[in-house]
2 protein chains.
Amino acid sequence: MTDKKKILIALTPREKETFFPKNYSDLLDLAAEYKEVDPLAYNAQTWAELLLTYQPEILVSGWKAPTLPVSIIGNPDNKLKYLVYLPGSVRKILPIEFLDAGLLVTNWGNVISRVVAECGLLLALAALRRVGYWAPAMQRDGAWKNEQTVTGSLFERKVGLHGFGSISQELVRLMKPFGVEIATYSPSVPDSLLAEFGVSRAKTLEDLFSQYDVIIELAALTPKNVHMVTEELIRMIPEGGAFVNIGRGAVVDEYALARVASEGKIQVAVDVYEVEPLPKDHPFRNNPNIILLPHLGGPTTDRRADCGKLGIQNIKNYYEGKPLENLITRSIYERAT
Amino acid sequence: MTDKKKILIALTPREKETFFPKNYSDLLDLAAEYKEVDPLAYNAQTWAELLLTYQPEILVSGWKAPTLPVSIIGNPDNKLKYLVYLPGSVRKILPIEFLDAGLLVTNWGNVISRVVAECGLLLALAALRRVGYWAPAMQRDGAWKNEQTVTGSLFERKVGLHGFGSISQELVRLMKPFGVEIATYSPSVPDSLLAEFGVSRAKTLEDLFSQYDVIIELAALTPKNVHMVTEELIRMIPEGGAFVNIGRGAVVDEYALARVASEGKIQVAVDVYEVEPLPKDHPFRNNPNIILLPHLGGPTTDRRADCGKLGIQNIKNYYEGKPLENLITRSIYERAT
């Protein structure tokens, strides 16, 4: 290991507790010298002053950190080389100029993939058993089943994954015990990776939606992907199937999805929305064929410790000249929401 | 195969469709001669007359079959040797005298275990993510998350299974990808079976509830098990944990469970109840820390075909003198609900 560096830690007490419930001292041990500040106490100007006077080489921060001031780029007193951003969406606090200026930035990246995949499995099972109807109706309306009650299982289903990144790969692992047949539509993914996971390739999105009946939406949000899941596509899902969105809301025509769900031929489960918070009068609400979660797919409270551990590991990697995990590149930055 | 036998099939059109969606002709092919009747058209007397005049050796029936009339036992015109009961709870239609008289009876038995286990996994995931709160609140109240929102994951949890029958064994398989540590309290289960599944033994129910934080209730309902899950036990579950009942409602002190759930330290998910349908004013209702399903753990609509397939296989086994799967013994009958 090379020499330890000066570290600025800008976490609220709540962030500290959530990311380092047991190992905060391990983080401190990695610093030649450290300073802890409450990020909520700073504005743009005092934040810039702090960075230029304390001169940390490493900054560890969370959701509440002030935006990094572009004014410090090129200033000889700015010694910052590595931002350990513990959560995911770095755009809120990081102007892209810092990436161009060579700042290293990591976030929680794929350490949370398995937890998002878990949310996908939960929502697929919940949609098939119609929890979107039963949970409110049992709790609020005194409901009980009758002879017309229909339920579905994931066992031996045909699952279609739209997108095949790290979350889809974790989903394949979680669904393995269910004996499902899995295909994906993801033009850029190589055959070798699909073979490794035992997943077949759908040639078109139409093939995926019409031949697989549990569709999990995980396509990246790019300009050309906006509303690419159209009403026509959604209507292709076989009757008794399910559509689950744990990717990005804007990939889907949400109003079309609400209309199709209302007809009851498929069940729908959604965790992510084009507009968040989801508007109170959105047609997803008060729709018994749709189960809704408020974007809880990300790391659960009890798994945020994984992000803290990753941060500690990445600082060690930085010291030892090893590759950083979940390094933010310009293209990752531009695709992030 | 020995000679085919005379088969009486007493299924409603709905039962026929649900148990044999594609392979009804395979059932008919197994009969030397068959008669199909609508079970709803018979009363106790006409049912007895039919059995004594048509003289089937095999009876295939579902939920709607009339109770087998005890009066036919010992009658030389009663040729019935094997009842293929396609659903589970045979007590409704089968007086125990028939077992004592040597009638062979099978039901869906453990063919449904994996689907009940799936419901248990769904409810465990749902309890940890607090779907019992979010599903109704998102749908009905326009809710959205805030900074106080707490969620939990199954990854790397300590799971306690109360009971270790076929459903628990299937749950172990489904939970494998989550890297959980599993223990069971099930005094009668041999060490060798636990070793095969990689499950450790809790010496007491107190150990299970206090040292594992996702408790799945699957104990059989016997007279000594009634209300064995007491308030004291439930309070031992570590904060942030979950209690899921997919076994039998009467094993649990439900009013105590509702009280503890109200305090919010653990999340609760329930599919089975001491009184079913669940009374409208039961304290499980209108409780945001409890997610409720109306006893949907059994075979989902799409998996009832598995029960029909099992029935066909069992008739073949019967012809070939092989052991019948899920044969109802006196002790199974007495433990059934």
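The values are calculated or read from the model by the stated rules, or taken from the named source; none is laboratory data. Remember, predicted model here, so these are calculated numbers, not experimental data. Note: ideal-geometry Cβ built from the backbone for every residue, glycine included; neighbour counts use all protein chains shown. Only protein heavy atoms, including side chains, enter the accessible area calculation; ligands, DNA and RNA are left aside. Shrake-Rupley method; radii C 1.70, N 1.55, O 1.52, S 1.80 Å.
Would you look at the GNM of chain B, springs on alpha carbons closer than 10 Å, and say which of B:Val150, B:Val229, B:Val244 moves the most? Largest GNM mean-square fluctuation: B:Val150. Bridging of A:Lys224 to lysines at a Cα separation below 22 Å is possible for A:Lys203, once same-chain residues fewer than 8 apart are set aside.
Model label sites at B:Arg173 and B:Ser188, defined 7 Å from Cα along the beta-carbon direction, differ in position by 2.2 nm. Can you pull out the GluC sites (Glu not before Pro) in segment B:58-152 that DSSP calls coil and that have at most 11 other Cβ atoms within 10 Å? Loop-located and lightly packed - B:Glu147.
Only protein heavy atoms count here; on that basis, with a 1.4 Å probe, A:Ile246 has an accessible area of about 10 Å².
Across the protein chains, with a 1.4 Å probe defining accessible surface, the residues B:His227, A:His295, A:His282 rank B:His227, A:His295, A:His282 from largest area downward. Rounded to the nearest 20 debye, the dipole size of segment A:1-91 about its Cα centre is 200 debye, using +1 on the Cβ of Lys and Arg and -1 on the Cβ of Asp and Glu. Quick check on segment B:1-115: take the gyration tensor over C-alpha atoms, sort the square-rooted eigenvalues as a ≥ b ≥ c, and tell me if it's rounded (a/c under 1.5), prolate or oblate. Rounded.
With the charge dipole of chain A set up from +1 on Lys and Arg Cβ and -1 on Asp and Glu Cβ about the Cα centre, the Cα lying farthest toward the positive end among the listed residues A:Leu122, A:Asn314, A:Gly249 is that of A:Asn314.
If a/c stays under 1.5 just call it rounded; otherwise compare a/b with b/c (prolate if a/b is bigger, oblate if not). Do that for segment A:148-255, with a ≥ b ≥ c from the square roots of the Cα gyration tensor eigenvalues.
Here segment A:148-255 falls in the oblate category.
Just the accessible area per residue of chain A, please: how many Å² with a 1.4 Å probe? Write out the running numbers ahead of the final one.
Working: 13830 Å² over 337 residues.
With the other protein chains kept in place, chain A gives 41 Å² per residue.
Computed over protein heavy atoms with a 1.4 Å probe, the carbon and sulfur contribution to the accessible area of chain A reaches 50%.
For chain A, modelled as a GNM whose springs connect Cα atoms under 10 angstrom apart, the maximal fluctuation among A:Asn23, A:Asn75, A:Asn326 occurs at A:Asn75. With label points defined 7 Å past Cα in the direction of Cβ, position B:Glu334 shows copy-to-copy spacings of 7.5 nm, given to one decimal and shortest first. Annotation for the B:A interface, with buried accessible surface near 5800 Å², both sides summed [1.4 Å probe; non-protein components not counted].
Karplus-based coupling profile of segment B:126-139, in residue order and whole Hz: 5, 5, 5, 8, 6, 5, x, 7, 6, 4, x, 5, 5, 6, with θ = phi - 60° in 6.51 cos²θ - 1.76 cosθ + 1.60 and x standing for Gly or Pro. A:Lys64 exposes around 70 Å² of accessible area when a 1.4 Å probe is run over every protein chain in place.
When the helices in chain A are scored as -39500 (n - 2.57) per DSSP H run of 4 or longer and the sum is shared across all residues, what 222 nm value do you end up with, to the nearest 500 deg cm²/dmol? Let's see the in-between values first.
Details: 13 runs with 114 residues, N = 337.
Only helices count here, giving -9500 deg cm²/dmol.
About its Cα centre, the protein assembly as shown has a charge dipole of approximately 140 debye under the convention of +1 per Lys or Arg Cβ and -1 per Asp or Glu Cβ, with nothing else charged. A straight Cα-to-Cα reach below 13 Å connects B:Lys92 with the aspartates and glutamates B:Glu334, residues fewer than 8 places away in its own chain not being considered. Given their separation in residues at 0.36 nm each and the Cα-Cα distance between them, B:Glu33 and B:Ile332 gain 104.5 nm when the chain is fully extended. In plain terms, the chain from A:Arg14 to A:Asp141 could stretch by 42.0 nm, reckoned as 0.36 nm per residue minus the Cα-Cα distance. How far is the Cα center of segment B:79-109 from the Cα center of segment A:263-336, in Å? About 52 Å separates the Cα centre of segment B:79-109 from the one of segment A:263-336. Ranking of B:Ser210, B:Ser192 by solvent-accessible surface, largest first: B:Ser192, B:Ser210 (1.4 Å probe, protein heavy atoms only, all chains present).
Each other copy holds its own label point for B:Lys265; taking that point as 7 Å from Cα along Cα to Cβ, the gaps run 5.1 nm, nearest first. In terms of distances greater than 32 angstrom between alpha carbons, the cross-link table entries B:Lys4/B:Lys64; A:Lys309/B:Lys176; A:Lys158/B:Lys309; A:Lys6/B:Lys176; A:Lys176/B:Lys4; A:Lys4/B:Lys265 yield A:Lys6/B:Lys176; A:Lys176/B:Lys4; A:Lys4/B:Lys265. Once you sort the root eigenvalues of the Cα gyration tensor of segment B:264-335 as a ≥ b ≥ c, which label holds: rounded (a/c under 1.5), prolate (a/b larger than b/c) or oblate (the other case)? Prolate shape, in that a/c is at least 1.5 and a/b is the bigger ratio.
Work out the mean other chain Cβ neighbour count within 10 Å for the residues of A:112-122 and drop it here as an integer. Could you put the intermediate results ahead of the total?
Details: counts 0, 0, 5, 4, 0, 1, 8, 4, 0, 7, 11.
Mean partner shielding for this stretch: 4.
Across segment B:55-165, the mean sequence separation of Cα contacts (distance under 8 Å, 6 or more residues apart), normalised by length, yields a relative contact order of 20 percent.
Between the helical axis of B:44-54 and the longest alpha-carbon principal axis of chain B there is an angle of about 50 degrees.
Distance between the 7 Å Cα→Cβ label points at A:Asn43 and B:Lys22: 6.9 nm.
Given a cut-off of under 8 Å on Cα pairs at least six residues apart, what relative contact order in percent is computed for segment B:216-268? The normalised contact order for segment B:216-268 reaches 47 percent.
Per residue, the average separation of C-alpha pairs within less than 8 Å and at least 6 apart gives segment A:26-119 a relative contact order of 24 percent.
Note on B:Lys224 and A:Asp77: with the Förster distance fixed at 60 Å, the Cβ-Cβ geometry gives a FRET efficiency of about 0.20. Comment: the Cα-to-Cβ extended label point of B:Lys280, at 7 Å, lies 2.8 nm from its counterparts in the other copies, nearest first. Per-residue mean of foreign Cβ neighbours for A:139-149 is 6 (Cβ atoms of other chains, 10 Å radius).
The listed residues A:Tyr82, A:Tyr34, once ranked by accessible area (1.4 Å probe) with the largest placed first, stand as A:Tyr34, A:Tyr82. Who wins for biggest fluctuation among B:Glu57, B:Glu231, B:Glu276 in a Gaussian network model of chain B, springs between alpha carbons below 10 Å? Checking each option, the largest mean-square fluctuation is seen for B:Glu276.
Phi-derived couplings, Karplus 6.51 cos²θ - 1.76 cosθ + 1.60 at θ = phi - 60°, listed residue by residue for segment A:161-172: 9, 8, x, 9, x, 5, 5, 4, 5, 5, 4, 4 Hz, with x used for Gly and Pro.
Under the convention that each Lys and Arg Cβ holds +1 and each Asp and Glu Cβ holds -1, the size of the dipole of segment B:221-274 around its Cα centre is about 100 debye.
Report the local net charge at B:Asn225: Lys and Arg +1, Asp and Glu -1, summed over other residues whose C-beta lies under 15 Å from its C-beta. Result for the neighbourhood of B:Asn225: -2.
Placing unit charges on each Cβ (+1 for Lys and Arg, -1 for Asp and Glu) gives the protein assembly as shown a dipole about its Cα centre, and among B:Met138, A:Ala258, B:Val268 the Cα reaching farthest toward its positive end belongs to B:Val268.
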